[in-house]
Amino acid sequence: MADVITYREAVAEGLAREMRRDASVVCLGEDIGEAGGVFKTTAGLLKEFGPERVWDTPISEQAIVGAAMGAAMTGMRPVAEIMFSDFLACCWDYLANEIPKVRYMTGGQVTVPLVVRTANGGGLGFGAQHSQATENWALTVPGLKIAAPATPADVIGMMAAAIRSDDPVVFFEHKGLLASKGAPAPPEHVVELGRAAVVREGADVTLVALASMVPVALKAAALLAEEGVGAEVVDLRCLVPLDMSTVLASLGRTSRLVTVEENPYQGGWGATVVSVVADEGFGLLDAPVRRVAGECVPLPFADALEEEVIPTVDKVVAAVRSLAAY
Amino acid sequence: MADVITYREAVAEGLAREMRRDASVVCLGEDIGEAGGVFKTTAGLLKEFGPERVWDTPISEQAIVGAAMGAAMTGMRPVAEIMFSDFLACCWDYLANEIPKVRYMTGGQVTVPLVVRTANGGGLGFGAQHSQATENWALTVPGLKIAAPATPADVIGMMAAAIRSDDPVVFFEHKGLLASKGAPAPPEHVVELGRAAVVREGADVTLVALASMVPVALKAAALLAEEGVGAEVVDLRCLVPLDMSTVLASLGRTSRLVTVEENPYQGGWGATVVSVVADEGFGLLDAPVRRVAGECVPLPFADALEEEVIPTVDKVVAAVRSLAAY
Amino acid sequence: MDSGELLARYEQMAVIRRTEKAAHDLFLQGLVKGTTHLAAGHEAIAVGASAALRDDDYVFATYRGHHHALARGATPEECLAELMSRATGLCGAKGGSMHLTKASTGMLGSYAIVGAHLPMAVGAAWSARLRGSGQIAVAFFGDGATNIGAFHEALNLAAVWKLPVLFVCENNLYMEYTPIADVTAVDRPAADRAPAYGIPGEVVDGNDVVAVQEAVAALARRARAGDGPAVLEAATYRHFGHSRTDPATYRPAEEVERWLKHDPLDLARGRLTELGVPEETVTAADERARDVVERAVEAAKGAPPPDPREALTDVWADGSAAWRT
Amino acid sequence: MDSGELLARYEQMAVIRRTEKAAHDLFLQGLVKGTTHLAAGHEAIAVGASAALRDDDYVFATYRGHHHALARGATPEECLAELMSRATGLCGAKGGSMHLTKASTGMLGSYAIVGAHLPMAVGAAWSARLRGSGQIAVAFFGDGATNIGAFHEALNLAAVWKLPVLFVCENNLYMEYTPIADVTAVDRPAADRAPAYGIPGEVVDGNDVVAVQEAVAALARRARAGDGPAVLEAATYRHFGHSRTDPATYRPAEEVERWLKHDPLDLARGRLTELGVPEETVTAADERARDVVERAVEAAKGAPPPDPREALTDVWADGSAAWRT
Ligand SMILES: Cc1ncc(C[n+]2csc(CCOP(=O)(O)OP(=O)(O)O)c2C)c(N)n1
Ligand SMILES: Cc1ncc(C[n+]2csc(CCOP(=O)(O)OP(=O)(O)O)c2C)c(N)n1
Ligand SMILES: [Mg+2]
Ligand SMILES: [Mg+2]
């Protein structure tokens, strides 16, 4: 086993492990076969599993996800790729109205064990229509599980859990993390969905982050440590199930909370986390709760502009400092 | 002028007033012409304005909203109807990726003065795919103004503001309010977007509500008054622009906040309001903030089940009581 | 089709017709909430198609789907109980009229977003092929659905992957209240588009149960043989309005009259007479249908409402609805 | 087309070709961030079509849209400055390569969600008709876009409303890396679908600027006369890979060679020679093109970056970005 693997490789590895284990796992999406995906996250799958397991599709997001749904209802475990998470908008009916509701509205008659994988997030200069962090769109819809791993090992472990899940899972792979490296996952590695991880301990403030914001929060925590501020970093890993127990437990230790999210402030996931805290954790709070979130604008193209919009280490540090002053 | 008009009549009246005033206002949608709309909210328009102003479309939500966008960019003020707000999912790309971003991503070269009207919300036994309150979907997307009137007069006044706005507006007409009656709007009535209304004063707790939750909050406030609890009710009217000044000012008087929303708790608009309060209004709070929101499930068909899912007067009263005890 | 088979079809159509009539009356009595979209007039399509399918084939329908649920094995009692918000309803009163589903017999649901189920049927056919099960999938949809994007994507994907799926359009000439001809660029909204996907597009009299069964049987054979998908456009007409209490005054009287004279039950009855089936035999089938539906109405009326706690179940496969810890 | 006109077209194509080459080189030098989708090879479509349009007609393009921006009046400097994230860019560096827009000349944008702009073009054509302006709208899109739902909805609506809009498909045989033939049910992804909307579907050599201009002129005349929309499928080929540094190794060498021999600039040069235009004249045009683009590169390089405060402007029509009080 290699010493380190990239997040990108982990996606393909995570898929391959499950495809080896379970013949009912099939992949479909645009350019995922011979090309190995535009992000190379399905590299090698066609070669290993052949064209009956890895299907290239037309540019038809509705047909991709709709067909995955039909297959999931009839005995398969499809994994559909939507190339950029912005394009979830092109098949939103399936994510919002069909997949998460069919079990409920049939009184439990059907299950939909599928995964929709998608490249999420900004920071790469891809502009307004290829850079959004859209996990909050999925959060508006009851009935979807939402996974957004931050490390290669989590990619593999959460992919295993997602594919084995009998519930539909939207799996956000962060574009900004694809080249990042981390420890490989041991064989049979499964990370249960809905378990947050305390990835750094600290006594003064809790930073709750997700996906690419986890390394941002960790870097901020390291800087804050130099100033004598102990920041505990919680990697949520999933938005649904949302592990508020871990967040509230951390808050019990630190009494201060800052959420760090790539979503725009308006309608971002941090709002839901904060609203639970403002209710159930109110008595624990020693200071206002602050959200470091995306600005409420589309993503601009130029790096210099994009940095103004997406949370940065500096912004997190500033937010924590402002609380410490409280 | 009639003594009272219905919310339903107010929609048609609001449209007619603007169509009379401005020849560039045109309507398009499914069955809006001869049929007057499935909710009769466009009744009379074809007759008054003719087929060059009121256009029946195929069942093509993408084409409807996409065409409205193209027309808005080229000198018209189109008003597109999406019959049920659940169907916004069928043209979500336009709401999420195109309409709200095109001005920004062209560096301000184009404006998109359009309105997308849609029948929103539950309580009528229409089931999982025709009952959702989806204003929170729109809230996830910077660049859309979001209007959701609660009274006939506001329907007319906010419709005027929405159609005159040079920015895109999603206009949520609540199905549960269509038959409700209220005072008619005076001539030239315009309600500026982004101005919340304090619709009942009270000293003990602030209830923030929207659309059909405004009458629910008002009824709860009336019951609470009998118990000696003074509830101030804020009708947000719009989610964007979000009038936090009015909410924070009210909180300054009451020190307690409960939001009342039809959105599911996860990802609902109340979360964003609460997160601003937990930051900027933290010092004003004497008690936890509570959200009375929809349950995180699809909307069930049977009345008895739907009542379990959507906020009711009883649930609001219970939430306020639980805070009073704090 | 021999007379015994045709009589069976006739009786099934009669059960559907009476169930729809019962649903209509119950709606007017305030016992059915929300909305209904009745399929009276469309019976031959559901019954003819179902008869041409294997028991394990998949069917996907629309909000106007009572006839498909019934044709695929749901009982009138289950259906009416669902419409009447009873615990014994097909979907435990969680779905309602627009979402009748009987997964145990391959009737995989009724969907209320126009066109959304077409890609699902493609997926079910893909699954059948991957599993080598020999099953096919059938999507039933309206003329209005042919103008929505999902139709296009579904047909292209099915054609490219040569999947065993049939697209059966119930062309009843109207969307809700607008004539389909006013909003569609071709005369035959479904069949005229089949060439755009390189697949056969046939037209059939959707009120003739024998013609429908034969057409579906032929296309199903073809699909099962690996020759790919097909479009079948079945001409029909609805007896009621679009939904609820719509009186359908937008339809010309002459048109209504013409179509009511071309009723699927009358047509089948005529054929039965031609085949020498005595009138009493047909009347007996009618009476059985009446009895079944009458008993169903009574049973549904007597059934209990759902337990309110059911509202917070069935989101997840484990039966729960918990979204957080 | 007389030789003077053709020479003008040639020079415009040469400017585009060199701008694309410059974009490529600047990308490799790290001066262009994000991604680019170059249109080298597609020049004749943009130039031929634009020449056939009125100045006030509307054009909508895709993420592969540099050629359309340039053909409709954007300067190489504005375009390259945008790609290089300069304040002087066409969109102030807020859009980038995928969103080049020059609204002042009717080039109403480049859209990066496949197919999304087709309904917009329909809407612009509807608007033109409502205002009685005599304008038409043209949407340019790829072969891959013909399989997405918005294509279907746009063409049907345009046909039903008989709008003055042209749908011009740049069929370069590939989506990103997958041959269009592998994922499309018909041979001519756009033209073979036109009959499904009852509109003309023509095929043209997209590398022959004269043929493109004539075809578009004829269809534009028809549209302006009130005879409705049309599809034009222009066969072409891209010289670079799909995007960024894609080497396009998935394309057979023989195919690449054949198409490079059928280059739009070579074809035009051949025609110029036939028309008796001296070689020096053509060379002079080439040199002017070279100079323009070289100066553009230098100017763009020297331009300032955007003011970071610009990130929080231009959401609303009043220039602001405030979403709350
Ligand atoms: C995407 C979408 N748009 C609009 C509607 C509203 N709607 C429900 S039924 C209907 C008409 C459908 O007509 P058709 O497909 O011909 O079926 P029919 O009702 O005639 O059986 C419409 C517009 C919907 N349910 N979904
Ligand atoms: C809805 C959507 N799906 C997928 C993509 C990713 N994507 C960008 S370009 C492209 C290929 C488009 O092919 P084609 O339409 O032939 O245009 P070309 O790039 O060849 O000019 C794809 C799949 C996208 N941008 N939008
Ligand atoms: Mg119909
Ligand atoms: Mg192409």
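The values are calculated or read from the model by the stated rules, or taken from the named source; none is laboratory data. Computed from a prediction, not measured in an experiment: that's the story for all the values here. Reconstructed Cβ throughout: ideal geometry from the backbone, glycine too, with neighbour counts over all protein chains shown.
Test A:Gly125 against the criterion of being closer than 30 Å to A:Gly70 by Cα and touching a residue at least 40 places away in the same chain (Cβ under 8 Å), and give yes or no.
no
Which of the residues that make up region A:233-259 are within 20 Å of the chain's Cα centre (by Cα) and either assigned to a strand (DSSP E or B) or farther than 22 Å from A:Leu144 by Cα (or both)?
Within region A:233-259, A:Val233, A:Val234, A:Asp235, A:Cys238, A:Leu239, A:Val240, A:Leu242, A:Val258, A:Thr259 meet the criteria.
On the basis of being more than 19 Å from D:Gly109 (Cα to Cα), of a type outside the set (A, V, I, L, M) and over 16 Å from the mean Cα position of the chain (by Cα), does B:Phe126 make the cut?
Spelling it out, B:Phe126 is indeed more than 19 Å from D:Gly109 (Cα to Cα), of a type outside the set (A, V, I, L, M) and over 16 Å from the mean Cα position of the chain (by Cα).
Residues that are over 29 Å from D:Glu170 (Cα atoms) and more than 19 Å from the chain's Cα centre (by Cα): which helices (runs of 4 or more DSSP H) entirely in region D:219-325 hold 1 or more of them?
Filter on region D:219-325 gives D:279-302.
Kindly check whether there is at least one residue in region D:293-316 that is surrounded by fewer than 18 Cβ atoms within 10 Å (Cβ to Cβ), under 30 Å from B:Gly108 (Cα atoms) and of a type in the set (A, V, I, L, M).
yes
Being within 10 Å of ligand 2 (Cβ to nearest atom) and either in a loop (DSSP other than H, G, I, E, B) or among the aromatic types (Phe, Trp, Tyr) (or both) is the filter here, so list the residues in region A:34-91 that pass it.
A:Val38, A:Thr57, A:Pro58, A:Ile59, A:Ser60, A:Phe84, A:Phe87
Just the residues that are more than 14 Å from chain B (Cβ to nearest Cβ) and crowded, with 24+ Cβ neighbours inside 10 Å, please, taken from region C:73-84.
C:Pro76
Can you list residue pairs whose Cβ atoms sit under 8 Å apart, with the first residue in region C:173-189 being at positive phi and the second being away from ligand 4 (no atom under 16 Å from the Cβ) and in a strand (DSSP E or B)? Count only pairs 6 or more apart in sequence or on different chains.
Close Cβ pairs satisfying both conditions: C:Leu173/C:Pro179.
Considering every residue within region C:184-194, establish whether at least one is surrounded by 22 or more Cβ atoms within 10 Å (Cβ to Cβ) and away from ligand 1 (no atom under 16 Å from the Cβ).
Within region C:184-194, one or more residues are surrounded by 22 or more Cβ atoms within 10 Å (Cβ to Cβ) and away from ligand 1 (no atom under 16 Å from the Cβ).
Which one is farthest from ligand 4 (Cβ to nearest atom) among residues in region D:142-179 that are over 28 Å from A:Asp93 (Cβ atoms) and within 14 Å of chain C (Cβ to nearest Cβ)?
Only one residue tops the list, namely D:Lys162.
Out of A:Ile99, A:Ile64, which single residue is touching a strand residue (DSSP E or B) at 6+ places or on another chain (Cβ under 6 Å), hydrophobic (A, V, I, L, M, F, W, C) and closer than 21 Å to B:Cys91 by Cα?
From the options A:Ile99, A:Ile64, the qualifying one is A:Ile64.
Can you tell me which residue within region D:220-247, out of those that are surrounded by 14 or more Cβ atoms within 10 Å (Cβ to Cβ) and within 14 Å of chain A (Cβ to nearest Cβ), is farthest from ligand 4 (Cβ to nearest atom)?
Per the criteria, the residue is D:Arg244.
Which of the following residues is within 16 Å of ligand 2 (Cβ to nearest atom), within 16 Å of B:Pro78 (Cβ to Cβ) and away from chain C (no Cβ under 14 Å): D:Ala139, D:Ala121?
Exactly one residue qualifies, and that residue is D:Ala121.
Which of (1) facing another protein chain (nearest Cβ under 7 Å); (2) in a loop (DSSP other than H, G, I, E, B); (3) not β-branched (Val, Ile, Thr) is the odd one out, the single condition A:Pro113 does not satisfy?
Only one criterion is unmet by A:Pro113, namely (1).
Every residue in region D:180-195 that is more than 9 Å from every other protein chain (Cβ to nearest Cβ) and either more than 16 Å from ligand 2 (Cβ to nearest atom) or aliphatic (A, V, I, L, M) (or both), please.
Listed by number, the residues that qualify are D:Ala181, D:Ala190, D:Ala191.
Test of understanding: among B:Ala162, B:Ala153, B:Ala138, B:Ala185, which residue is within 23 Å of B:Asp31 (Cβ to Cβ) and touching a residue at least 12 places away in the same chain (Cβ under 8 Å)?
B:Ala162
Got a number for residues in region B:113-136 being buried (at least 24 other Cβ atoms within 10 Å of the Cβ) and out of contact with any strand residue (DSSP E or B) (no Cβ under 9 Å at 6 or more places or on another chain)?
2
Among the β-branched types (Val, Ile, Thr), at pLDDT 95 or above, surrounded by fewer than 24 Cβ atoms within 10 Å (Cβ to Cβ) and closer than 24 Å to A:Pro149 by Cα - does that describe any residue in region A:260-270?
No, there is no match, as no residue in region A:260-270 is among the β-branched types (Val, Ile, Thr), at pLDDT 95 or above, surrounded by fewer than 24 Cβ atoms within 10 Å (Cβ to Cβ) and closer than 24 Å to A:Pro149 by Cα.
What is the one condition in (1) among the aromatic types (Phe, Trp, Tyr); (2) assigned to a loop (DSSP other than H, G, I, E, B); (3) away from chain C (no Cβ under 14 Å) that B:Phe126 does not satisfy?
For B:Phe126, the failing item is (3).
Of all residues in region C:156-173, which are over 22 Å from D:Pro189 (Cα atoms) and surrounded by fewer than 22 Cβ atoms within 10 Å (Cβ to Cβ)?
Once the filter is applied, which keeps residues that are over 22 Å from D:Pro189 (Cα atoms) and surrounded by fewer than 22 Cβ atoms within 10 Å (Cβ to Cβ), region C:156-173 yields only C:Leu173.
May I ask you to say which residue of C:Leu163, C:Leu130, C:Leu173, C:Leu157 is within 16 Å of ligand 2 (Cβ to nearest atom) and at pLDDT 95 or above?
Step by step, each of C:Leu163, C:Leu130, C:Leu173, C:Leu157 is checked, and only C:Leu157 is within 16 Å of ligand 2 (Cβ to nearest atom) and at pLDDT 95 or above.
Which condition breaks for C:Asp143 when tested against (1) over 22 Å from B:Ala63 (Cα atoms); (2) within 16 Å of ligand 3 (Cβ to nearest atom)?
Answer for C:Asp143: the failing condition is (1).
Could you say whether any residue in region D:187-196 is out of contact with any Gly (no Cβ under 7 Å at 6 or more places or on another chain) and more than 15 Å from D:Gly142 (Cα to Cα)?
Yes, that holds for at least one residue.
Would you mind finding the one in C:Ala61, C:Ala44, C:Ala87 that is under 10 Å from the mean Cα position of the chain (by Cα) and within 14 Å of another protein chain (Cβ to nearest Cβ)?
Residue meeting the stated conditions: C:Ala61.
Since B:Ile32 meets every condition but one in (1) within 14 Å of ligand 1 (Cβ to nearest atom); (2) in contact (Cβ under 8 Å) with a residue 60 or more places away in the chain; (3) surrounded by 24 or more Cβ atoms within 10 Å (Cβ to Cβ), which condition does it not meet?
Single failed check for B:Ile32: (2).
Would region C:102-114 turn up any residue that is more than 16 Å from the chain's Cα centre (by Cα), within 16 Å of ligand 1 (Cβ to nearest atom), within 14 Å of chain D (Cβ to nearest Cβ) and crowded, with 24+ Cβ neighbours inside 10 Å?
Scanning region C:102-114 turns up no residue that is more than 16 Å from the chain's Cα centre (by Cα), within 16 Å of ligand 1 (Cβ to nearest atom), within 14 Å of chain D (Cβ to nearest Cβ) and crowded, with 24+ Cβ neighbours inside 10 Å.
Among the residues of region D:126-155, count how many are part of a helix (DSSP H, G or I) and farther than 22 Å from D:Asn171 by Cβ.
Number satisfying all stated conditions: 6.
Can you confirm whether A:Ala161 is part of a helix (DSSP H, G or I) and crowded, with 19+ Cβ neighbours inside 10 Å?
Answer is yes for this residue.
Quick test for you: out of C:Ala181, C:Ala93, C:Ala150, C:Ala121, pick the one residue that is small (Gly, Ala, Ser) and within 11 Å of ligand 1 (Cβ to nearest atom).
Matching residue, one of C:Ala181, C:Ala93, C:Ala150, C:Ala121: C:Ala150.
Name the residue that is nearest to C:Ala223 (Cα to Cα), counting only residues in region C:123-147 that are charged (D, E, K, R) and surrounded by fewer than 24 Cβ atoms within 10 Å (Cβ to Cβ).
C:Arg129
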